[in-house]
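Scroll down for the structure; my scribbles are underneath it.
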Amino acid sequence: MEVDDDNSPSTSAAVLDGETTVPTANSTPVQPPAVPPAVVPPTIAPLPAVVPPIAPIPAVRPPVFKPPVPQNGEVKAVDSDSDHEDDGRATAGEYEISEESRLVRERQEKAMQELLMKRRAAALAVPTNDMAVRTRLRRLGEPITLFGEREMERRERLRMIMAKLDSEGQLEKLMKAHEEEEAAISAKAEDIEEDIEYPFYTEGPKELLDARIDIAMYSIVKAATRLQRARRKRDDPDEDMDAEIDWALRQAGNLVLDCSEIGDDRPLSGCSFSRDGKLLATCSLSGVAKLWSMPRVSKVSALKGHTERATDVTFSPVHDLLATASADRTAKLWSSDGSLLKTFGGHLDRLARIAFHPSGKYLGTTSFDKTWRLWDVDTGMELLLQEGHSRSVYGIAFHQDGSLVASCGLDALARVWDLRTGRSILALEGHVKPVLGASFSPNGYHLATGGEDNTCRIWDLRKKKSLYIIPAHSNLISQVKFEPQEGYYLVTSSYDMTAKVWSGRDFKPVKSLPGHEAKVTASDISADGRYIVTVSHDRTIKLWTAGNIEQENDMDWTEG
């Protein structure tokens, strides 16, 4: 009976718990204190405490979970009804979105739309030419430009407009505009091709053709004379070229300051000897050019006519004429007695340098309007307007044969032009800064250039390359000049307040000519090579001669 009593609670407990465990009849009796803890399971009431609560969501009520009650089906049904009600309340709460969340969602959608729009725009072909961009904007009915809008901004605006039309499905409008644009361009190109026949040269006046023929005839004679003389010197056993060059360089090495004279109230900008060496011309920033008698540098006359500063002066190699260039955009032709003969006007900006053709019939001028021009001295007519430099043209020099002319400018480039054909035959690249001076050697194949990179370069026209690079000065080189008879030496003037003499054979330094107190702007060599003159911003004219020449002059004055 005790065994039955012990088993009855376990059986009822098994039924209450809903377990299907059936005790066997011959099971081993278990002591009463140990059986209840092992058989009776824990109560279900603490289950809600075991289940972790769900984190609360703003404005949404979390559902309530209740433990199942297996003993009573009705209670279970009621509980499930309450669960459905709770679920219904939770589902309804999910659509209650706060204002902040709505704004965040709108921003995200807008950003996504912008991203898609940019992707679509990046895939579209947009013209790169600004005029084509304006044309397409006009055809799409949009303003061609906005206030302060730059080219890239205008192109980006067109890209976004096209992307918007594409996204809105208005491709037909876009394609129609594109087809109209292409048709207009093709029609315009056909009209141009039908109406214009491009010549392979730029036509000039008949006077230019006559001048080219005259220059060709003149240069043939001069070149033949030069070559004949060079052959004679080469083949004549009595001719010792090295000894002659050594003598000329010794003379240049003995140069001393012979005279210094105040040339003007303003800085001097140019100087030139006459063909017989009896006159010296100078010009200054006051716009006045002056004539001086040689060798004592005494003033003869003043040439007044320019309204702005004078930039250069040069004597004719044939006649007793001189020409001046000025910042008033004109060049003027003067007689040696000081009377004005002609004015050459046509440049669009201030003039820089000026030079006569060896024949004396033509005058070359350079200007800051990026051109150099050729003028007829007799008629004053402009024969040639030559472009080719990308920046201002500064220096000009004619070949002694008269067939070539060299121009140099602020584009760090020197160009050699054939006056007989009008072609640019050489573009001499090497200087890294503006080139301010050029000079042809009398030997016919050397060209010297100097510029703001403080170097003087010697170019061989036969090899079309630079032979020597002379690190000549510590400041920019304002002018270079070969000795006019044989080219035995070269003179450079510089803003480092000196002028220097260099050998024409190996281009080594021969003599330095210090003495100026400001930058030297120009220099020149007399036709017989006896004198060198320099002018400077210190307003002085300095005349340099060899020692024996100075003695000869003193003797001449004593005899007089």
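The values are calculated or read from the model by the stated rules, or taken from the named source; none is laboratory data. All figures in this text were calculated on a predicted structure; none of them were measured in a lab. Quick reminder, even Gly has a Cβ in these numbers, built from the backbone with ideal geometry, and neighbours come from all protein chains shown. Side chains are part of the model used for accessible areas, which takes the heavy atoms of the whole protein and leaves out ligands, DNA and RNA. Shrake-Rupley method; radii C 1.70, N 1.55, O 1.52, S 1.80 Å.
Picking from 289, 271, 248, whose Cα lies most toward the positive end of the charge dipole for the range 230-314 (charges on Cβ: Lys, Arg +1; Asp, Glu -1)?
289
Could you list, in their original order, any pairs among 463/508; 481/511; 222/370; 222/465 whose Cα atoms are separated by more than 19 Å?
463/508; 222/370; 222/465
In the range 252-329, what percent of the accessible surface is made up of carbon and sulfur (1.4 Å probe, ligands and nucleic acids excluded)?
45 percent
Between residue 246 and residue 343, what is 0.36 nm times their sequence separation minus the Cα-Cα distance? Round to one decimal in nm.
Between residue 246 and residue 343, full extension yields 30.5 nm more.
List the lysines whose Cα sits under 18 Å from the Cα of residue 299, skipping any in the same chain fewer than 8 residues away.
278, 290, 542
Go through 497-510, 380-393, 429-442 and give me the packing order, highest mean Cβ count within 10 Å leading.
Order by mean packing, descending: 429-442, 497-510, 380-393.
Averaging over every viewing direction, what projected area does the convex hull of the Cα atoms of the range 423-557 cover, in nm²?
The number I arrive at for the range 423-557 is 9.0 nm².
Going highest first, how would you order 284-294, 456-466 by mean Cβ packing within 10 Å?
Those peptides, ordered most packed to least, come out 284-294, 456-466.
When the chain is fully extended, how far beyond the present Cα-Cα distance does residue 319 get from residue 170, taking 0.36 nm per residue of separation?
45.8 nm
Taking the Cα centre of the range 398-504 as origin, sum charge times position over the Cβ atoms of Lys and Arg (+1) and Asp and Glu (-1), and report the length of that vector in debye to the nearest 20.
280 debye
Can you give me the distance in nm between label points at residue 202 and residue 460, each placed 7 Å from the Cα along the Cα-to-Cβ direction?
With each label point 7 Å from Cα toward Cβ, the separation is 3.3 nm.
Suppose each label sits 7 Å from its Cα in the direction of the beta carbon; what would the residue 307-residue 427 distance come out to in nanometres?
About 3.8 nm, to one decimal.
Convex hull over the Cα atoms of the range 416-486, averaged projected area in nm²?
Hull-based average projected area comes out at 5.0 nm².
Sorted by average packing, counted as other Cβ atoms within 10 angstrom per residue and highest first, what order do 328-340, 214-226, 304-316 take?
Ranking the peptides 328-340, 214-226, 304-316 by packing returns 304-316, 328-340, 214-226.
Pick out, from 300, 338, 368, the residue whose Cα sits farthest towards the positive end of the charge dipole of the range 285-384, with +1 on the Cβ of Lys and Arg and -1 on the Cβ of Asp and Glu.
Selected residue: 300.
What percentage of the solvent-accessible surface of the range 388-545, computed with a 1.4 Å probe over protein heavy atoms, is contributed by carbon and sulfur atoms?
Roughly 45 percent of what the probe reaches on the range 388-545 is carbon or sulfur.
Among all the lysines, which ones have a C-alpha under 20 Å from residue 176's C-alpha, if same-chain residues fewer than 8 places away are not counted?
Cross-link targets: 164, 188.
Can you give me the accessible area per residue for the range 349-481, using a 1.4 Å probe, in Å²?
35 Å²
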